[in-house]
Amino acid sequence: MVARVFAFVLLIAASLADGSGARSAGFYFLLAAVPTIGMGGLMALGELAEARTLTIKAFAATQALFSFAALALAMIVVGSSSGSLFDVSAPGIGLPALAVCLGMLALQAALAPTGNLLRHTPELYARAGEDFVTAEHIGL
């Protein structure tokens, strides 16, 4: 979660720096955001590997997919920019790619509490030889 928030802040800083005329600072903020977004994607893959239930696996896979899509968009903007982030060689790709990347990171941040709720739901385990388990058996 921290990596995604930090990547979002770096992308906002890149767009603000580029908009104010500090082109090289904007480029370096964007360049710093690329490994941060990748780290968030790798953390989501780690959560996917550790997931036990299908709902947590689906949530982690969605987070990883969003992270790697945002990484691809950030790499497109970095690779195609020759000066200003919004003046890229392919016309009209810089600003929309950056906006979609920011949107994906914001969506991940909005969905993060759902993942925390899914991971921390109490599960009832039956003891050997019992027909049912109640909340009193496990101390809830």
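Bear in mind that the values in this text are calculations on the coordinates, not laboratory data. Remember, it's a predicted structure, so these values are computed and weren't measured experimentally. In this analysis, Cβ positions are derived from the backbone assuming ideal geometry, glycine residues included, and neighbour counts consider all displayed protein chains.
Each label point is 7 Å from the Cα along the Cα-to-Cβ direction; what then is the distance between the points at Tyr28 and Ala69, in nm?
It is 3.3 nm.
Could you compute the FRET efficiency for Glu50 and Ser80, with r as their C-beta to C-beta distance and R0 at 35 Å, rounded to 0.05?
The calculated FRET efficiency here is 0.45.
Cβ neighbours within 10 Å, averaged per peptide: list 36-47, 54-65 in order, most packed at the top.
36-47, 54-65
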